[in-house]
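Engineer: Can you read through this structure? Questions will come right after.
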Amino acid sequence: MSDRPGRSVVVATRNPHKLDELREILSPFELVPLPDFVDLPPEDGETFAENAIVKARAAHLQTGAAVVADDSGIEAAALGGRPGVRSARYSGPSASDEENLAQLLSELAEQEDRSVAYVCAIAYVEEGGGEVLREARCEGSLAERPRGDGGFGYDPAFVPDEIGDGRTMAELSAAEKHEISHRGRAARAIRPLMGPP
């Protein structure tokens with residue numbers, strides 16, 4: 001870790017895609033991977049915010065470092081907000097991104113309403129233990145089949161309303177995605193509260 005106090009921030013995730021995205025969005029902060037010895041609690045909260053803050057606190061207590069953690073997922077209006085906080089394991093506890101997306105596409109196949117929203121809660125716990133939390137959304141619709149090879153998770157079928165040209169998140173450049181995504185918005189909202197980079 002950096003020897004510059006307050007400049008090195010641990011990211012409480014084992015997901016390399018999230019780490020990469022947060023590094024891009026929160027630059028010039030030095031975001032470092034979660035040490036192997038850290039045990040993260042199960043993501044069994046009822047809200048994204050609850051899961052994010054519990055992960056951030058756990059990583060902070062075990063490392064003593066400043067920590068950022070996010071919890072995010074997709075909510076389908078026709079399914080009453082499912083998969084929601086269960087997005088990462090929608091089709092099973094060890095399901096792949098492709099399996100989860102296939103499950104959601106199958107459940108929405110006969111639905112007229114294909115509106116969905118990405119939701120992200122980001123928690124930051126500073127070295128002294130202070131906490132801040134921000135949440136953001138990205139509205140869109142679910143395509144009938146996956147397209148594009150960028151992003152991860154549900155990105156190949158998530159068509160953001162804001163772009164307006166029918167491309168999925170997986171068809172956008174990284175810069176375009178970060179500008180409108182739930183994670184990009186939440187991270188930009190919390191960045192001023194993290195102190196100087």
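Here, each number is a calculation from the coordinates, and none is a lab measurement. Since the structure is predicted, the reported quantities are computational estimates derived from the model, not experimental observations. Reconstructed Cβ throughout: ideal geometry from the backbone, glycine too, with neighbour counts over all protein chains shown.
Engineer: Can you find, among Ser72, Leu105, Pro93, the residue farthest towards the positive end of the dipole of the chain? Put +1 on the C-beta of Lys and Arg, -1 on that of Asp and Glu.
Structural biologist: Ser72
Engineer: Could you work out the local net charge near Ala157, counting Lys and Arg as +1, Asp and Glu as -1, over the other residues with Cβ closer than 10 Å to its Cβ?
Structural biologist: That sum, taken over residues with Cβ under 10 Å, equals +1.
Engineer: Report the paramagnetic label zone for Ala88: residues of segment 166-197 whose backbone N is under 15 Å from a point 7 Å from Cα along the Cα-to-Cβ axis.
Structural biologist: Only 183 pass the distance filter.
Engineer: Follow-up. Ranked highest first by the average count of other Cβ atoms within 10 Å around their residues, in what order do 119-129, 156-166 fall?
Structural biologist: Going from most to least packed, we get 119-129, 156-166.
Engineer: What FRET efficiency, computed as 1/(1 + (r/R0)^6) with R0 = 22 Å and r the Cβ-Cβ distance, is obtained for Glu24 and Ala189, rounded to the nearest 0.05?
Structural biologist: Efficiency computed from Cβ-Cβ geometry: 0.85.
Engineer: When the gyration tensor of segment 8-194 is built from Cα positions, what are the square roots of 5 times its three eigenvalues, in whole Å, from largest to smallest?
Structural biologist: 28, 18, 14
Engineer: Oh, and also: Taking Cα atoms, how many degrees apart are the long axis of helix 97-108 and the longest axis of the chain, rounded to 10 and kept between 0 and 90?
Structural biologist: The angle comes out near 40 degrees.
Engineer: So between Asp165 and Asp97, what do we pick up on full extension, going 0.36 nm a residue minus the alpha carbon distance? Provide the component values of the computation, followed by the final result.
Structural biologist: Working: separation 68, 0.36 × 68 = 24.48 nm, distance 2.45 nm.
Result for the pair: 22.0 nm of gain on full extension.
Engineer: State, in angstrom, two size descriptors of segment 121-197 derived from its alpha carbons: Rg to one decimal place and Dmax to the nearest whole number.
Structural biologist: 14.7, 47
Engineer: Another question about this same structure. Mind ranking 13-24, 37-48 by how tightly packed they are, going by the mean number of other C-beta atoms within 10 angstrom, highest first?
Structural biologist: The densest-packed peptide leads the list: 13-24, 37-48.
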